[in-house]
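Since the structure comes first, as structure tokens, the remarks are kept for the end.
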Amino acid sequence: MSARIWCINLGLVCGFSILISLGFGSTNIGFGDALAGLFGKSSESINTIIHSVRLPRALIAACVGAGLGASGAALQGFTRNPLAAPGLLGFSACAALGAVLALYFNVSQLIMPAAITFTFAGAIAMTVFARRKPGATSLVLAGIGIGALATAITGLVMNLAPNPWALSELVYWLMGSLKNADLSDVMVAVPLTFIGLILLCLSGPALRVLGLGEDTAHSLGISVSKTQLLIVTGCALCIGSGVAVAGAIGFVGLFVPHILRFIVGPDEAWLIPLSALGGATFLVIIDMVIRLTAGPGTPLYLGIVTSLIGVPFFLWLAWRQA
Amino acid sequence: MITLSEISVQFDGKTVVQDVSATAKPGEFIALVGPNGSGKSSLLKAIAGLVPHTGSTNLPKDHRTRAKQLAYLAQTVTAPHRHLVRNIVTLGRTPHIGGLSTLGERDKNAVTMAMTQAGVTEFADRMFGTLSGGEQTRVHLARALSTQAPLLLADEPITALDPYYQLSVMQVLREAAQQGTTVIAALHDLSLAERFCDRIWVMNTGRLVANDTSSRALTAEILRDVFRITPDGQITV
């Protein structure tokens with residue numbers, strides 16, 4: 001099956017998962033009623049639940065998953081390093097720092113702008129540190145360094161939390177969840193992620209050539225620094241807006257591109273849109289499972305579930321590489 | 001005609017190539033020889049525009065335009081292991097096609113011709129990682145040829161290869177030159193350089209110390225002063 005067909009199929013699967021996920025939640029709504037509610041043809045309460053709770057939540061899940069998947073694919077392609085992912089290279093850590101600061105200073109309406117600002121600040125810092133010789137090695141080192149710094153400052157903020165409740169709010173937020181996603185989040189996160197995805201997809205053809213090494217790619221007319229700028233900006237848009245809405249969600253960006261590379265093939269240009277669709281589908285389904293299995297008490301946090309599934313894969317990958 | 005005027009390259013304040021001026025005619029196969037660290041790779045990289053340098057060449061200044069005028073074969077050839085040979089060779093057409101556009105008839109013909117020239121047609125549909133080192137070098141040679149650039153720079157293309165592949169790569173480069181391409185290849189094997197190349201450029205500590213036809217460049221003095229060997233294959237102490 002060609003990559004194009006895979007893209008279409010994954011797109012359909014993603015769309016279906018979003019539709020199906022509308023049928024699951026704390027209020028018992030039949031699947032038919034939920035679909036009717038989507039088009040405003042159900043009872044008023046069902047219409048409201050679908051439009052202002054379930055659809056935004058599913059769309060945010062798809063948007064965050066798409067951003068993580070595409071970022072991971074682009075970073076792995078650019079660094080030619082199988083372990084590169086937005087989590088490893090500090091994008092997620094910077095976004096989380098911004099959001100945690102907003103929470104710490106009790107201005108939760110600023111979570112989104114703070115997360116995006118800090119992701120961009122981190123991205124700029126990475127670009128500056130990797131400036132002397134743009135390329136894989138510099139970006140990985142700069143990214144890991146900036147990420148470690150952001151994680152340390154996040155720890156410091158938690159350390160300084162005035163009371164246990166404030167601390168627990170920060171900790172829970174970092175675990176990642178979609179339970180507070182609403183329509184206003186959709187209006188901001190979806191367009192930003194969309195622009196980010198376009199930038200990442202545009203880097204695809206250059207990534208194909210970069211597979212031959214940076215010198216060879218440069219001799220073929222590819223600008224390593226422009227490609228790096230495209231990818232860093234794309235990742236910052238996707239991850240900044242994603243983390244702002246959903247918290248830190250681990251490992252999706254690492255293992256979704258790997259699975260798709262294994263199944264579909266190694267073409268970096270196609271892997272980016274494919275990983276976007278794959279990541280979106282994965283998060284929509286995982287969030288649906290979380291809602292399905294929710295009993296009384298605290299529901300599972302999305303970031304925990306994705307990591308619980310992601311870490312065994314990560315270990316398998318490390319074992320296979322060895 | 002490729003003209004180099006006073007090319008110098010510095011790394012961290014250390015001069016590795018100093019004031020190299022030379023010309024290379026179309027169809028000329030030039031061997032760039034010299035001891036390790038004499039600046040062969042750096043000179044090739046400077047010509048290809050891969051490292052900052054002073055001095056000038058008559059190649060286009062614009063990065064993308066220059067990419068059509070020269071093909072560069074790096075010292076270590078690499079490619080994602082699961083990529084098909086055909087797709088790797090096709091990447092040589094990158095300078096001629098826009099980022100998102102597709103291959104035209106001319107591009108496809110160039111790829112087919114390059115694969116035939118470099119002798120990789122029989123494994124066009126195999127994955128790069130399944131090939132031997134010699135085969136991988138020839139795949140990259142095909143990739144470089146598919147650009148159809150008037151200048152081909154090859155950085156030690158045969159150093160890691162067995163005698164069969166050394167000869168076969170030299171033959172492919174020789175044929176490319178016969179078809180009008182200027183080929184400049186960094187080499188360590190002086191006898192292959194004399195046998196296959198029209199001209200030999202000898203480098204020593206960053207300078208071009210000899211530039212003559214193959215039969216005349218490697219004098220006893222050059223061998224002694226630059227390579228620390230004698231014409232009958234002994235090392236000078």
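Read-outs: derived from the displayed coordinates by stated rules, not from any lab. This is a predicted model, so every value here is computed, not measured. We place every Cβ from the backbone using ideal geometry, glycine too, and count neighbours over all the protein chains shown.
Side notes on the structure shown:
- The GNM of chain B, with springs linking C-alpha atoms under 10 angstrom apart, assigns the highest mean-square fluctuation among B:Val17, B:Val85, B:Val226 to B:Val226.
- Anisotropy class assigned to the stretch B:110-161 is oblate, per the alpha carbon gyration tensor with a/c at or over the 1.5 cut-off and a/b no larger than b/c.
- Listed residues A:Leu83, A:Leu302, A:Leu167, most fluctuating in chain A (Gaussian network, C-alpha, under 10 Å): A:Leu167
- With a Förster radius of 41 Å applied to the beta-carbon distance between A:Asn159 and A:Phe194, the computed FRET efficiency rounds to 0.65.
- Square roots of five times the Cα gyration tensor eigenvalues for chain B, Å: 30, 21, 16
- Projected label points at A:Cys7 and A:Leu229, each 7 Å from Cα along the beta carbon direction, are separated by 2.5 nanometres.
- DSSP-defined antiparallel bridges as percent of all bridges, the protein assembly as shown, nearest 5: 50 percent
- Residue list for the stretch B:170-188, given a label point 7 angstrom along the Cα-to-Cβ vector of B:Ile229 and an amide N cut-off under 13 Å: B:187-188
- Mean separation of Cα contacts under 8 Å (6+ apart) over length of the stretch B:2-227, as relative contact order %: 30 percent
- Fluctuation leader among A:Ala96, A:Ala150, A:Ala294 - chain A, Gaussian network, Cα springs under 10 angstrom: A:Ala294
- Debye log10 I(q)/I(0) for the protein assembly as shown, one point scatterer per Cα, at q = 0.08 Å⁻¹: -0.63
- Counting only aspartates and glutamates at least 8 places from B:Lys45 when in the same chain, those with an alpha carbon closer than 13 Å to its own are A:Glu214, A:Asp215, B:Asp155, B:Glu156.
- For B:Thr15 and A:Leu83, the FRET efficiency from 1/(1 + (r/R0)^6), where r spans their Cβ atoms and R0 equals 35 Å, is about 0.35.
- Global form of the stretch A:3-321, assessed from the alpha-carbon gyration tensor, a/c cut-off 1.5: oblate
- Loop-located trypsin sites (Lys or Arg not before Pro) in the stretch A:117-213 whose Cβ has at most 12 other Cβ within 10 Å (DSSP): A:Arg131, A:Arg132
- Think of it as helices only: each DSSP H run of n ≥ 4 in chain B is worth -39500 (n - 2.57), and spread over all residues that comes to -9500 deg cm²/dmol at 222 nm.
- 222 nm mean residue ellipticity, helices alone, for chain A (DSSP H n ≥ 4; -39,500 (n - 2.57); rounded to 500): -25000 deg cm²/dmol
- Extending 7 Å from the Cα toward the beta-carbon at both A:Ala166 and B:Thr219 defines two label points whose distance is 8.3 nm.
- Applying 1/(1 + (r/R0)^6) with r as the Cβ-Cβ distance of B:Asp62 and A:Leu308 and R0 = 45 angstrom yields a FRET efficiency of 0.30.
- Prolate/oblate/rounded call for the stretch A:93-174, Cα gyration tensor, a/c under 1.5 rounded: prolate
- Sorted by Cβ neighbour density within 10 Å, fewest at the top, the residues B:Asp62, A:Asp185, B:Asp198, B:Asp12: B:Asp12, B:Asp62, B:Asp198, A:Asp185
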